[in-house]
Amino acid sequence: MSIEKKIFLVASILGLIAVVLGAFAAHGLRDALVTTSLESFQTGVRYQMYHVFFLFVIGLIPQLQPQQKKRLFWLTIIGVVLFSVSIYLLSSNTLTPIDFGFLGPITPIGGLFLISAWGVLAFYLIKHKK
């Protein structure tokens with residue numbers, strides 16, 4: 001499978017999950033969570049969706065080499081999982097018997113992966129000679 005096809009497939013699945021979780025937050029969690037927790041959950045959804053679009057753009061940029069796309073893909077996937085998933089679990093912590101408080105330090109690490117993906121993309125585009 002080409003890296004572009006892999007990127008588009010994973011972006012599509014992450015987009016589907018983001019829409020489902022966004023609807024769940026709006027309709028299923030509205031009365032179950034305090035406002036700040038609900039807002040945090042929606043932040044996770046929003047950043048996940050932003051990076052779905054980012055992945056589609058990565059897949060479409062012809063100036064990027066397959067290895068560069070692969071690196072950007074993994075930085076983004078790791079970032080979304082660490083950032084958004086940790087926010088989902090932390091913000092809905094009161095609904096489960098498991099205390100996900102230990103994930104607190106994971107969220108900013110995920111954010112650093114997302115930031116680095118954007119920075120690496122900028123570097124590749126500046127470096128590209130045409």
task: Please specify each residue of segment 40-71 satisfying the condition of being buried (at least 22 other Cβ atoms within 10 Å of the Cβ), over 21 Å from LYS129 (Cβ atoms) and more than 10 Å from the chain's Cα centre (by Cα).
output: PHE41
message: Tell me whether segment 27-49 contains one or more residues that are under 14 Å from LEU72 (Cα atoms), part of a helix (DSSP H, G or I) and among the small types (Gly, Ala, Ser).
response: no
- request: May I ask you to say which residue of PHE123, PHE83 is touching a Phe, Trp or Tyr at 6+ places or on another chain (Cβ under 9 Å), in a helix (DSSP H, G or I) and at pLDDT 95 or above?
  value: PHE83
message: Looking for something within 30 Å of SER2 (Cβ to Cβ) and free of Cβ contacts under 8 Å to residues at least 40 places away in the same chain - is there at least one such residue anywhere in segment 95-103?
response: no
Where PRO97 falls short, out of the listed (1) surrounded by 15 or more Cβ atoms within 10 Å (Cβ to Cβ); (2) not in a helix (DSSP H, G or I): (1)
query: Out of segment 104-120, which residues are part of a loop (DSSP other than H, G, I, E, B) and either open to solvent by 60 Å² or more (accessible area, probe 1.4 Å) or touching a residue at least 40 places away in the same chain (Cβ under 8 Å) (or both)?
result: PRO105
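The values are calculated or read from the model by the stated rules, or taken from the named source; none is laboratory data. This one's a predicted model, so the numbers in the text were calculated from it and none came from an experiment. Note that we place each Cβ from the backbone using ideal geometry, even for glycine, and neighbour counts take in every protein chain shown. Surface accessibility is based on the protein's heavy atoms, side chains included, excluding ligands, DNA and RNA. Shrake-Rupley method; radii C 1.70, N 1.55, O 1.52, S 1.80 Å.
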